[in-house]
Every structure is written in C-alpha cells, then in structure tokens.
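The values are calculated or read from the model by the stated rules, or taken from the named source; none is laboratory data. No experiment lies behind these values; they were computed from the predicted model shown. Backbone-built Cβ (ideal geometry, glycine too); neighbour counts: all protein chains shown.
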Amino acid sequence: MTERRTAIDYAKILRDLSDIHFPNAEKIVLVQDNLNTHRPASLYEAFEPAEARRIIERFEWHYTPKHGSWLNLAESGLAVLSGQCLARRIADAATLGTKVDAWRKRRNTHNAKANWHFTSVDARVKLKSLYPAL
C-alpha cells in the first residue's frame with residue numbers, strides 16, 4: 001500500500017519483490033494490469049540504468065487483457081474487502097495496512113474461493129462466436 005500510484009512507487013515495489021520477497025527466484029512471473037505506471041520504463045525513472053535493467057531482467061512480464069473474467073474476479077475480491085474490512089472509518093494509513101493485512105491473512109488461511117455461476121454451457125450460448133460448436 002502506498003499513498004500514491006506513481007511510477008517510482010511501482011518501481012520500489014518491484015525491487016522489493018525481486019530482492020526481499022523472492023531473492024532466490026530464477027525468474028519472477030509478473031501478471032499485472034495495464035495501468036500506465038506498470039511498465040518496465042518505470043524502473044528507469046526510479047533507479048540508475050544498470051539497477052533498473054537488473055530488476056527488469058528478474059521478471060517475466062504478462063499483461064492481463066483489458067476486458068475479461070479476471071477483472072470480474074478482482075472486482076469481486078475488492079467488493080468483499082470493502083464490505084468486510086473497509087466499511088468504516090479508518091484513522092490512518094498504518095491502521096488501514098494492519099486491517100487489510102489481517103483480512104488478507106484470514107481469507108488466505110480459510111482458502112476463500114470465488115463461486116462462479118457462469119457455466120461453460122452459458123458461455124457457449126452467450127459467447128458463441130468465440131466457442132466452437134460441440
């Protein structure tokens with residue numbers, strides 16, 4: 001969690017992922033959205049070229065489609081977070097971070113799952129141009 005969403009904030013998060021959270025990983029597969037700051041160029045804004053290049057080389061970059069079911073799942077998760085954790089006044093960023101972290105740990109411990117109601121049969125009807133006939 002950061003106070004802003006700048007390229008430099010993003011670059012620092014990538015450095016932390018690379019050097020603190022996954023220092024022994026050969027390659028870190030990064031799946032992310034298409035926000036304008038979420039680009040390798042952000043590292044060059046934050047660090048010297050050699051450092052930026054070192055960090056960039058640690059990642060395998062994949063961008064999510066601009067439209068798709070992954071977005072529905074992310075939005076559903078944020079809606080649950082808002083309802084269960086954020087539906088009250090929170091005094092400051094530190095308290096917010098503590099509350100969100102506790103909520104995340106609980107959800108992960110209990111293996112919270114998405115309950116999709118859109119079946120393959122429904123998809124073949126609604127998205128018939130994308131699915132081959134059986």
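Of all residues in the stretch 53-75, those satisfying the criterion of being in a helix (DSSP H, G or I) and at pLDDT 80 or above are R53, R54, I55, I56, E57.
All of (1) surrounded by 12 or more Cβ atoms within 10 Å (Cβ to Cβ); (2) touching a residue at least 40 places away in the same chain (Cβ under 8 Å) hold for R124 with one exception: (2).
Per this entry, R88 is not counted among residues that are assigned by TED's automatic domain parsing to the domain that holds R5, part of a loop (DSSP other than H, G, I, E, B) and either at pLDDT 90 or above or charged (D, E, K, R) (or both). Taking the criterion of being more than 15 Å from the chain's Cα centre (by Cα), at pLDDT 85 or above, loosely packed, with under 14 Cβ neighbours inside 10 Å and not assigned by TED's automatic domain parsing to the domain that holds L127, would at least one residue in the stretch 97-106 satisfy it? No, there is no match, as no residue in the stretch 97-106 is more than 15 Å from the chain's Cα centre (by Cα), at pLDDT 85 or above, loosely packed, with under 14 Cβ neighbours inside 10 Å and not assigned by TED's automatic domain parsing to the domain that holds L127. Among the residues making up the stretch 3-17, those that are more than 14 Å from the chain's Cα centre (by Cα) and either farther than 8 Å from S42 by Cβ or among the hydroxyl-bearing types (S, T, Y) (or both) are E3, R4, T6, D9, K12, R15, D16.
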